[in-house]
Protein chains: 4
Amino acid sequence: MNIRTDLALECRELAPTDCYGIECEELSFDKIKITRIAVVDRRGEEALGKPIGNYVTIEVPPFTKDTPLSDAAQQAVTVELTRMLPKEGTILVAGLGNADITPDALGPKAAEKIFATRHISSTLAENLGLGKLRAVSVITPGVLGKTGMETVEIIQGAVSRIHPAAVIVIDAMASRRLSRLGCTVQLADTGIVPGSGVGNARKEINQKTLGVPVVSLGVPTVVDAVTLATDLTAKHPDEVQEDMHTHGQRMVVTPREIDTVITNAGNLVSLAVNCAMHPHLSPELLTLLV
Amino acid sequence: MNIRTDLALECRELAPTDCYGIECEELSFDKIKITRIAVVDRRGEEALGKPIGNYVTIEVPPFTKDTPLSDAAQQAVTVELTRMLPKEGTILVAGLGNADITPDALGPKAAEKIFATRHISSTLAENLGLGKLRAVSVITPGVLGKTGMETVEIIQGAVSRIHPAAVIVIDAMASRRLSRLGCTVQLADTGIVPGSGVGNARKEINQKTLGVPVVSLGVPTVVDAVTLATDLTAKHPDEVQEDMHTHGQRMVVTPREIDTVITNAGNLVSLAVNCAMHPHLSPELLTLLV
Amino acid sequence: MNIRTDLALECRELAPTDCYGIECEELSFDKIKITRIAVVDRRGEEALGKPIGNYVTIEVPPFTKDTPLSDAAQQAVTVELTRMLPKEGTILVAGLGNADITPDALGPKAAEKIFATRHISSTLAENLGLGKLRAVSVITPGVLGKTGMETVEIIQGAVSRIHPAAVIVIDAMASRRLSRLGCTVQLADTGIVPGSGVGNARKEINQKTLGVPVVSLGVPTVVDAVTLATDLTAKHPDEVQEDMHTHGQRMVVTPREIDTVITNAGNLVSLAVNCAMHPHLSPELLTLLV
Amino acid sequence: MNIRTDLALECRELAPTDCYGIECEELSFDKIKITRIAVVDRRGEEALGKPIGNYVTIEVPPFTKDTPLSDAAQQAVTVELTRMLPKEGTILVAGLGNADITPDALGPKAAEKIFATRHISSTLAENLGLGKLRAVSVITPGVLGKTGMETVEIIQGAVSRIHPAAVIVIDAMASRRLSRLGCTVQLADTGIVPGSGVGNARKEINQKTLGVPVVSLGVPTVVDAVTLATDLTAKHPDEVQEDMHTHGQRMVVTPREIDTVITNAGNLVSLAVNCAMHPHLSPELLTLLV
């Protein structure tokens, strides 16, 4: 399997239909479609090419236009995220990726709008009429080339100080299909390899490396040009590889209005996290607070 | 001919080899290759799909990496630009495109670094040790959706006030080949249809609409996904059209580090213009002045 | 009178109380206070140091915090603006100032959120459910040092193409009192001298220079350090002038969170303009459309 | 002593002239003036209001204009920084402050241009012709209100992963005198209380809290309006306090072109750090590498 995709949904399409070790569940409502894929054993891992765990894909109305954020989309992400997280305890949110590369900037963009609360005393929260807030911290670790530290190292450092009950990592991803760009959110409880979505894989970030549960939240923002060419020509990726690179640069396919996609996806993801953290507060109030 | 390209060089590749009305000239030095194409009559127009006039393509070392700007590249653009412009008189530079859409932001980026001089008195210039400066004005007209005015209208307004000897328009373009992205500059004396490079063609900007000579300076920043698919599959564009769109969004192929390409291309183009305007000042000094 | 202020309200405080040629009217509601000052003849001009015309100051709850925009504030600005503008015809909005200097960036920030409609056909507007839209164009002329053109020249150029019924200019201002920063909006029908609020006065923009009515919308974002020092020490401005400059730089007093003030002021002003232009559309819908 | 200043130089001016426990040394060359102040015992601490340690103030030509960075200024900062740092071992650089508040953005701006090298293998460095690079990591911890973590916690986390020989913290500061803005750099080996320069003091960052030497690098970007008013009126700060605040906002005095000051100061500071880390590489090459 040489097709580049971070979506379990697309991995399943590529896997043999009769494989063992994979369980699926689909549900639809409004204009939302949710697919829950569980990789339950080693056979599933091999068939899907992804580690044992749970993968949820949420397909929503495209957030590429200047339309209001779909309430149903935000609620679906909030509900699925809540299912994956521990009910209590501090949460550390990490917005991965390079803020200076538009298709990779989802994590930093979303992190800007996460409501950080760990420093707000319960007294202050009550006085502000916010009730009991869950403790949330937010970091934007940057990328290896700019920090000299692996993303996982920076998160490990933060984890060692605040001892969260779980970590949420937000990152841009690559999909196989253009039709998934700007209308898909994937959650997983298996961690993440940052940069893999944009061709620059780093050390993995998961329960093994952090010592606490890790939930990833991703949105596909690009299709690798090699993947597109492979699909179009039915050739082997190695055969198209050369044509799809220029001067050593990786080529990607994106919507022309990629900036808007990133902004809207960041708004959806951050609001969904904020609502999952503070279910007693309305999305409207949470939007104002960040 | 259904291949999308703004490069005369690529139009010529698509045209029959034995056509009339087109003249070509090539020269190379350092790592620079210059191709001068003249469309001399109506037969050339039909063969090339471009209006009568001169088109110069300059192929340079890729400006996609964090390498210093090639002196030879800047000099080549400066020399070709100087050949196309009147020797004297005020020049109006217009940076076209949408600053909020990364692959379309070349014009606004370059405009930020054009040295505006029209308001500097000759006395002041002398006192600053800058000698005799050519009068240059710079505008960034924005895009129709944000201004409610056609780009050509805004430029016409500026032309009516300052009566320039010529207008330089800078814009992002589309090429057919990935290998041209981030290493090609095209100059032409036939004007421009803004937005055509990014699939949103507006009213033309040329000597007919502005009343003065118009020289365009463009850099291909994207390949249309339909064009790529057409080339890869040898199908007709209409056949691949549907697959290459998502939710009504045009898809484009770009280097993943498109932000760096735009920044570096903007630096090259703006410095080349500044050097063409003020040949007695060094590139180093001109870089400091903006 | 050597105190620097762009607010007619503050000029009146400085004028003798028994002067002729000035008419005032005050009204308050919710947390809003509106002061309408009319300079009716030459005596008023001399006393106030401002040309004949109407000046309306709207004092609103501070928009310096991350609180929701006050509906009453927006409505007050919309109502006063509507009173000053012709009932029909195209409106040209110009966002003045330098986007790269935070305290001067109000105009460009507000312009980004003006709903440009001149290019939307009535058929399209009806189909989108927007009813009959008033034609609005928006320009961001930039500053002389970057364009080589006086702001008034660029606006004249646009006026000559689209023949608006009136021009709205938005600009940052200087006040005398710190207590006015971030909670005051001034409208006037006498035009504006761009940059005067930030110490860099340029050619005036008014009905005389543009040929159509000009309404200015401004928000004080700084107090000149010389003005503050003059007020604190009761010395003549010339005496404190030297101490309040450093290396030839003008010093200003601003809220530390000037970036937030500019953003919130830009939101208020642009929404008020949009509501004045399209009174049949709700502020919520207009916020989504830009 | 109620005057707000982060500069030891200004603290000394305020202290009695005949106090014990403080040692001073001054030297000048080119247009640079260096003042080294050592607080050597408790008497010095009390007199100066600053902890025992070394404070170096470097006064340089103003970096407020669009002039080239002074070589002498960069060299002076590099030399003084080198004197304070251990000769060997990994260095962690932390750019403190809020990137979204212009006068507070020095740290994040400078951090963007620090050359991170910890991840570059010695083989790669040799192959690139860079010789032996010192290991440098860079973090931008953000501010408590956005992260929910004290700055010191985030730095402690990074320190616990990479075990640096020392930490450099870069932050904006407040001075007493307008004449120090945009032309002064202070180094100290006593750590820093982040945010104290902008009125929002947080937990201290020093050898005691980090376990390794801490060198701070700061540039005054504002004068507190209360401090200015106190100096101008010779009143007690409490008396002017109220007039210098508006709606609970702290007021500061800055050059109008504060954005340029921050950019230029960030360039100077980051280049000085890069040169101190890699003395065998030229400033020109180091500028290209970031």
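The values are calculated or read from the model by the stated rules, or taken from the named source; none is laboratory data. As the structure is a computational prediction, the values presented were derived from the model and not from experiment. For neighbour counting, all protein chains shown are included, and Cβ atoms are generated from backbone atoms with ideal geometry for every residue, glycine included. Accessible surface is based on the protein model in full, side chains and every heavy atom, while ligands, DNA and RNA are left aside. Shrake-Rupley method; radii C 1.70, N 1.55, O 1.52, S 1.80 Å.
If you filter the stretch C:237-251 down to residues that are in a strand (DSSP E or B) and within 7 Å of chain D (Cβ to nearest Cβ), you find that the one that is most open to solvent (accessible area, probe 1.4 Å) is C:ARG250.
Of all residues in the stretch A:44-58, those that are open to solvent by 20 Å² or more (accessible area, probe 1.4 Å) and either at pLDDT 95 or above or assigned to a loop (DSSP other than H, G, I, E, B) (or both) total 5.
Here is a yes/no grid of residues against (1) modelled with pLDDT of 95 or more; (2) within 11 Å of chain A (Cβ to nearest Cβ); (3) within 24 Å of D:ASN267 (Cβ to Cβ):
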{"residue": "D:GLY107", "(1), (2), (3)": "yes, no, yes"}
{"residue": "D:GLU112", "(1), (2), (3)": "yes, yes, yes"}
{"residue": "D:LEU128", "(1), (2), (3)": "no, no, yes"}
{"residue": "D:LEU133", "(1), (2), (3)": "yes, yes, yes"}
{"residue": "D:ILE139", "(1), (2), (3)": "yes, yes, yes"}
{"residue": "D:GLY145", "(1), (2), (3)": "no, yes, no"}
{"residue": "D:GLY148", "(1), (2), (3)": "yes, yes, no"}
{"residue": "D:ILE154", "(1), (2), (3)": "yes, yes, no"}
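Among the candidates B:PRO194, B:PRO279, B:PRO220, the residue that is part of a loop (DSSP other than H, G, I, E, B), more than 10 Å from chain A (Cβ to nearest Cβ) and more than 30 Å from B:GLU126 (Cα to Cα) is uniquely B:PRO194. Entry remark, the stretch D:278-290: residues being more than 14 Å from D:ALA76 (Cα to Cα) and either in contact with a strand residue (DSSP E or B) (Cβ under 9 Å, 6 or more places away or on another chain) or open to solvent by 20 Å² or more (accessible area, probe 1.4 Å) (or both) number 9 in total. Against the conditions (1) buried (at least 24 other Cβ atoms within 10 Å of the Cβ); (2) small (Gly, Ala, Ser); (3) free of Cβ contacts under 8 Å to residues at least 60 places away in the same chain, C:ALA135 satisfies every one except (1).
With respect to (1) of a type in the set (A, V, I, L, M); (2) open to solvent by less than 10 Å² (accessible area, probe 1.4 Å); (3) at the interface with chain C (Cβ under 7 Å from one of its Cβ atoms); (4) assigned to a helix (DSSP H, G or I), the lone exception for D:LEU232 is condition (2).
Check the stretch A:81-94 and report whether any residue there is closer than 30 Å to B:ALA105 by Cβ and within 14 Å of chain B (Cβ to nearest Cβ). No, every residue in the stretch A:81-94 fails to be closer than 30 Å to B:ALA105 by Cβ and within 14 Å of chain B (Cβ to nearest Cβ). In the set (1) in contact (Cβ under 8 Å) with a residue 24 or more places away in the chain; (2) under 22 Å from C:VAL138 (Cβ atoms), C:THR230 fails one condition alone, (2). Out of all the residues in the stretch D:252-274, is one or more of a type in the set (A, V, I, L, M, F, W, C), at pLDDT below 95 and open to solvent by 40 Å² or more (accessible area, probe 1.4 Å)? No, every residue in the stretch D:252-274 fails to be of a type in the set (A, V, I, L, M, F, W, C), at pLDDT below 95 and open to solvent by 40 Å² or more (accessible area, probe 1.4 Å).
For A:PHE63, the test of being within 11 Å of chain D (Cβ to nearest Cβ) and among the aromatic types (Phe, Trp, Tyr) is failed. Anything in the stretch B:15-43 that is assigned to a helix (DSSP H, G or I) and free of Cβ contacts under 8 Å to residues at least 24 places away in the same chain? List them, or say none. Correct list: B:ARG42 only.
State whether the residues of the stretch B:255-270 include one that is closer than 24 Å to A:ASP231 by Cα and of a type in the set (Asp, Glu). Scanning the stretch B:255-270 turns up at least one residue that is closer than 24 Å to A:ASP231 by Cα and of a type in the set (Asp, Glu). Of the numbered criteria (1) crowded, with 24+ Cβ neighbours inside 10 Å; (2) more than 8 Å from every other protein chain (Cβ to nearest Cβ); (3) on the phi > 0 side of the Ramachandran plot, the one C:GLY182 fails is (2).
If you go through the stretch B:156-171 and pick out every residue that is touching a residue at least 24 places away in the same chain (Cβ under 8 Å) and at the interface with chain C (Cβ under 7 Å from one of its Cβ atoms), you end up with 3.
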